[in-house]
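Single-structure report; data block below.
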Amino acid sequence: MSQQKDAIVSVEDLRVHFEVRQGFFSAFSKKEPPVVRAVDGVTFSVGRGEILSLVGESGSGKTTVGKAILQLVSPTSGTVSFDGAPVPQDRQGLHAFRQRAQMIFQDPYQSLNPRHYISDIVAEPLDVAGTDLSADVRDARVREALEQAGLTPADDYLYRYPYELSGGQRQRVVIAGALILKPKFIVADEPVSMLDASIRTGILKLMLRLRDEQDIAYLFITHDLSLAWLISDRIAIMYLGKIMEIGAAEEIIKRGLHPYTQALMAVMPVPGQVRESGRTVLEGETPNAAIRIEGCKFSGRCPRAFDRCRKEEPELVEVGPGHSVACFLV
Amino acid sequence: MNLLEVRNLKTYFSTTKGMLKAVDDVSFHLESGQALGLVGESGCGKTTSALSIARLLPKEGRIVGGEIFLDGHDVLLDSENELRKRRWRDVSIIFQGAMNALNPVLTVGEQIAEAIVLHERLSKEEALKKSQELLDLVEIPKERYKRYPHEFSGGMKQRAMIAMALACDPKLIIGDEPTTALDVMIQAQILNLLERLRRERSMGMILITHDLSILGETCDHIAVMYAGKIVETGTVTDIFEHARHPYTDRLIRCFPNIHGKKAIPEGIEGYPPNLLDPPAGCRFHPRCEYAFDRCRVEEPLTRHVGGEHTVACHLVEETR
């Protein structure tokens with residue numbers, strides 16, 4: 001697959017396998033220890049200021065991809081490049097890299113230290129980065145980050161504790177913490193799924209505004225196709241550690257070709273729609289990633305699978321400009 | 001006759017900071033075999049309403065006013081003993097976190113059997129047998145009744161919870177965010193399952209959720225709650241196509257519609273009020289774009305606006 005020229009992040013054939021911890025006696029067994037193939041050969045890139053959504057169900061490996069890019073879990077194989085060069089592996093290089101790539105976690109109720117002031121939480125990345133700043137400059141940076149995250153005036157929030165804030169405000173604090181080092185790339189892992197619908201849109205608008213003003217690129221991880229469509233330029237659909245389909249957001253939603261994409265579309269609830277007939281719902285659940293699947297990973301649940309799907313694994317094939325699908329049917 | 005009749009229910013919590021009016025003068029009803037969706041943002045009193053109906057409130061919570069009739073029986077007059085007999089037979093609740101609601105040291109079959117033995121004259125063996133039938137009903141292979149909860153996936157645990165809720169053939173089943181923590185595909189499976197069971201057994205169902213978008217497919221009626229009050233009720237079509245309350249209208253518009261224009265929804269400015277000290281007049285007025293003087297002082301009454309559609313908003317009256 002061709003890599004974009006002006007990519008901020010590109011990932012080549014990324015694999016993350018976890019060995020399952022075994023009991024003492026299995027050390028004597030000749031069987032190979034089971035391996036969970038959380039991410040099993042994923043290639044994509046994110047352009048500068050671009051928003052790419054990674055959509056999939058639990059266990060599809062989408063969060064692991066995000067963590068592997070930020071080197072929070074170490075890839076088993078494959079390369080991750082940032083700004084044209086492979087992500088450095090030495091201590092110093094990683095330190096510098098992490099100032100430019102940040103992560104926003106899902107649960108703003110658990111990702112903030114309850115005993116720290118908001119100002120300390122937001123300043124923490126700055127302190128960890130070890131930039132020698134005077135108290136005045138540090139204070140100014142915190143205020144700037146809070147205001148960019150929509151917590152204005154910053155004075156109202158500096159010396160408050162997380163419990164005093166609502167879920168939406170907390171998520172803004174998390175975003176302020178991610179912004180303070182002025183990153184160029186943010187992995188946003190389900191940033192709004194814990195929030196009420198009425199609060200969600202504010203966070204999404206904030207993310208879009210930051211993209212426009214500061215040219216920040218996002219890897220937006222979500223299980224909600226409609227959110228992905230709303231916010232992103234491109235969408236990649238993941239299933240069991242593989243990308244099944246990738247393309248422009250509009251293209252995937254309106255003309256998704258992979259049977260899994262179509263199945264996800266079929267079950268997506270649409271507000272206001274009163275559906276009379278029973279809808280087509282895939283049976284069963286995403287299989288355990290520790291079990292090796294021959295052929296296409298989706299073949300076991302695919303309503304249109306045929307013999308070849310169970311023997312051979314389809315590659316991602318370009319079917320239109322920027323639109324690739326991994327399925328023998330297309 | 002209505003299966004469930006809730007009239008002017010008031011449930012307050014005593015906290016160190018004062019009386020929290022979680023549910024404040026709420027009325028709704030449900031015919032048997034019908035499904036009602038109770039929708040609203042976090043903290044609007046949806047779950048408290050459900051717990052009041054099942055009389056399962058924590059000790060800080062008290063029903064200070066109103067009436068609840070379930071199948072003609074006054075629920076609020078029951079003693080704790082009578083309640084124990086009636087729960088599971090009259091009403092059962094499927095809670096949100098199925099993962100945390102199951103006992104990790106008992107097999108799934110034993111847990112379902114526990115509820116049966118308490119309510120029906122069956123031996124443990126017979127109850128275990130019935131638990132297998134119930135698992136079959138929720139599309140889990142019978143043999144798995146001997147398994148422990150950690151051997152089940154999230155979706156299967158939620159199915160097991162549904163099987164348990166059905167153990168004593170309740171007349172009313174309440175699902176409190178039954179699919180919120182689940183994947184879309186599993187959510188669709190569970191909603192289809194609930195729908196099928198409700199039709200087959202002609203149970204009444206209340207589906208509590210913050211996700212308006214799933215109600216169109218599963219419910220007959222919708223009640224929209226805001227800050228401890230019901231602001232609008234009606235059939236699914238009334239609510240989705242002819243919403244009259246500004247809150248309902250804004251809430252519907254918060255959900256992206258992939259068949260519509262690609263634009264970030266407007267959301268609703270501000271946050272829901274603190275129920276220790278709710279605003280005077282209409283509780284939505286601080287966030288309402290149409291609010292006028294009257295909204296700030298006088299609480300709107302619930303009015304019928306045709307059919308079963310009711311709205312509590314001064315605007316409805318003004319524009320008549």
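Coordinate-derived values only; no laboratory data. The structure displayed is predicted, hence computed values, not measured ones. A quick note on method: Cβ atoms are made from the backbone with ideal geometry, for glycine too, and the neighbour counts reach across all protein chains shown.
The value of relative contact order for chain A, using C-alpha pairs under 8 Å at least six residues apart, is 21 percent. Size check on chain A: the Cα extents along the three principal axes, sorted descending, read 68, 58, 43 Å. Once the chymotrypsin sites (Phe, Trp or Tyr not before Pro) in DSSP loops with at most 11 neighbouring Cβ atoms within 10 Å are cut out of chain A, the longest remaining piece is A:1-158.
Pairs exceeding a 20 Å alpha-carbon distance, out of A:Lys31/A:Lys242; A:Lys242/B:Lys262; A:Lys254/B:Lys262: A:Lys31/A:Lys242; A:Lys242/B:Lys262. Ranked by how many other Cβ atoms sit within 10 Å of their own Cβ, fewest first, the residues A:Glu245, B:Glu125, A:Glu294 fall in the order B:Glu125, A:Glu294, A:Glu245. Axis angle, to the nearest 10 degrees, between helix A:91-100 and the longest C-alpha principal axis of chain A: 80 degrees. Restricting the calculation to alpha carbons of the protein assembly as shown gives Rg and Dmax of 26.3, 83 angstrom. With the simple model of a label 7 Å out from the Cα in the direction of the Cβ, B:Ser42 to B:Asp169 spans 4.0 nm. Given their separation in residues at 0.36 nm each and the Cα-Cα distance between them, A:Asp139 and A:Arg115 gain 6.7 nm when the chain is fully extended. In chain B, what percentage of the DSSP-assigned beta bridges are antiparallel, given to the nearest 5? If we restrict to bridges inside chain B, about 60 percent are antiparallel. Return one quarter of the surface area of the convex hull spanned by the alpha-carbon atoms of segment B:99-169, equal to its mean projected area, in nm². One quarter of the hull surface, i.e. the mean projection, equals 4.1 nm². Each stretch of four or more DSSP H residues adds -39500 (n - 2.57); spread over every residue of chain A, this sum gives -9500 deg cm²/dmol at 222 nm. Between the Cα long axis of helix A:135-148 and the first principal axis of chain A there is an angle of about 50°, rounded to the nearest 10.
Going through segment A:98-161, which trypsin sites (Lys or Arg not before Pro) have at most 12 other Cβ atoms within 10 Å and a DSSP loop state?
Hits after loop and neighbour filter: A:Arg115.
Over all distinct Cα-Cα pairs of chain B, the Kirkwood formula returns a hydrodynamic radius of 20.8 Å. Under 17 Å of direct C-alpha separation, and excluding same-chain neighbours fewer than eight residues apart, B:Lys129 reaches these lysines: B:Lys142, B:Lys146. If R0 is 30 Å, the Cβ-Cβ spacing of B:Arg62 and B:Ser202 corresponds to a FRET efficiency of close to 0.35. Go ahead and collect, in residue order, the members of segment A:182-217 whose backbone nitrogen is under 15 Å from a label point 7 Å along the Cα-Cβ direction of B:Ile264. Output list for this probe position: A:188, A:191-193, A:197-217. Cα to Cα, under 15 Å, and not fewer than 8 places away if on the same chain: which aspartates and glutamates meet these conditions relative to B:Lys130? Output for B:Lys130: B:Glu110, B:Glu114, B:Glu120, B:Glu139, B:Glu143, B:Asp169.
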